[in-house]
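The values are calculated or read from the model by the stated rules, or taken from the named source; none is laboratory data. On a predicted model such as this, the values are computed, not experimentally measured, just so you know. A quick note on method: Cβ atoms are made from the backbone with ideal geometry, for glycine too, and the neighbour counts reach across all protein chains shown.
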Amino acid sequence: MDLIIGSHVSFNKDTQMIGSIAEALSYKANTFMFYTGAPQNTTRCSIDKNLLDKAKELLKENNIDINNVVVHAPYIINLANNNNFDFNVNFLTQEIKRVELLGVKYLVLHPGSHVGLGVENGINNIINALNQVLDEDTNIVVCLETMAGKGTELGRTFEEIKQIIGGVKYQDKVAVCMDTCHIHDAGYDLNNFDNVLEQFNKIIGLDKLKVLHINDSKNIINSHKDRHENIGYGNIGFDNLINIIYHEKLKGIPKILETPYIEKKAPYLYEIEMIRNKKFNDNLINDVINYNND
Ligand code: FE
Ligand code: FE
Ligand code: ZN
């Protein structure tokens, strides 16, 4: 199977997924991830049926499988804390309906931060929330993201993710999104990725791994910082990321870049190019800055 690679793209109410697809194609991507509105708030527009039909045609024309497309839930949703718990559960229920309507399969969700409640209470809140949100008719998969462990973030170990999944009633509707920057910052050594995958398989099961976020990290292993870096420019390094992206056990899993913009310009066209070529571009910053300015 071909490499399935894309990046975070925008989504706005006027063009909806059509705009997202056009942006992904401009990066020569064959998948993409978007927030259905601003990531830092819960204001959402309704899905326009006309635009959606056109978007589905556009996907077909460009051989993009909608099963590889990913939606990211807004990161202010915190299921681990008691504050706004009902609001968050309600928002997530609505968001799942939007994702189902779009025909997208995967919704990536940060498990949440316990904010002083303690790990066990936080995890129990997440489990309760997921059990309120998911039912037997849910037609999408919530992918819990592995987190860097910044502050009181949960999901910083495979064991915590496993514990959450273990408490959910409809377990076929929960899976995992592995973020390379986050697991590196959480203390997993990506110089020995086979060992990391083996741990993942033992604790959670590789069949649960549905989405990969491919990011380099600005910080050293175990820093619990969560600051993404451009591919090959951080502490994980190009060779380790290529090893992960092309790992035979991760074939067919969508791989999504969330690396930082360079002087307000998206780096993804050039990052995807170097990933496809398996060759580090030490001129990435200039390539990105000069693009369109020729
Ligand atoms: Fe995320
Ligand atoms: Fe991520
Ligand atoms: Zn992150």
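For this structure, a couple of remarks:
- Flag for ILE183 being at pLDDT 95 or above, within 12 Å of ligand 3 (Cβ to nearest atom) and in contact with a helix residue (DSSP H, G or I) (Cβ under 9 Å, 6 or more places away or on another chain): yes
- Qualifying residues in segment 63-91 (those that are hydrophobic (A, V, I, L, M, F, W, C) and within 16 Å of the chain's Cα centre (by Cα)) - the one modelled with the lowest pLDDT: ILE76
- Considering residues of segment 101-135 that are in a loop (DSSP other than H, G, I, E, B) and buried (at least 23 other Cβ atoms within 10 Å of the Cβ) only, the residue farthest from ligand 2 (Cβ to nearest atom): HIS114
- Output for segment 51-92, where each listed residue is more than 30 Å from LYS28 (Cα to Cα) and within 16 Å of ligand 3 (Cβ to nearest atom): ILE76, ILE77, ASN78
- Of the residues making up segment 259-284, those that are without any contact (Cβ under 8 Å) to a residue 40 or more places away in the chain and part of a helix (DSSP H, G or I) are TYR270, ASN277.
- For THR138: the one exception among (1) in contact (Cβ under 8 Å) with a residue 24 or more places away in the chain; (2) more than 15 Å from ligand 1 (Cβ to nearest atom); (3) not in a loop (DSSP other than H, G, I, E, B): (3)
- Among the residues of segment 54-100, those that are assigned to a loop (DSSP other than H, G, I, E, B) and away from ligand 1 (no atom under 16 Å from the Cβ) comprise ASN62, ASN63, ILE64, ASP65, ASN81, ASN82, ASN83, ASN84.
- Tally of residues being β-branched (Val, Ile, Thr) and away from ligand 2 (no atom under 16 Å from the Cβ) across segment 56-75: 2
- When the test is whether a residue is touching a residue at least 12 places away in the same chain (Cβ under 8 Å), basic (Lys, Arg) and within 16 Å of ligand 1 (Cβ to nearest atom), LYS208 does not pass it.
For (1) out of contact with any Cys (no Cβ under 8 Å at 6 or more places or on another chain); (2) at positive phi; (3) touching a residue at least 60 places away in the same chain (Cβ under 8 Å), each residue gets a yes or a no:
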| site | (1), (2), (3) |
| --- | --- |
| SER217 | no, no, no |
| HIS224 | yes, yes, yes |
| ILE231 | yes, no, no |
| GLY237 | yes, yes, no |
| ILE253 | yes, no, yes |
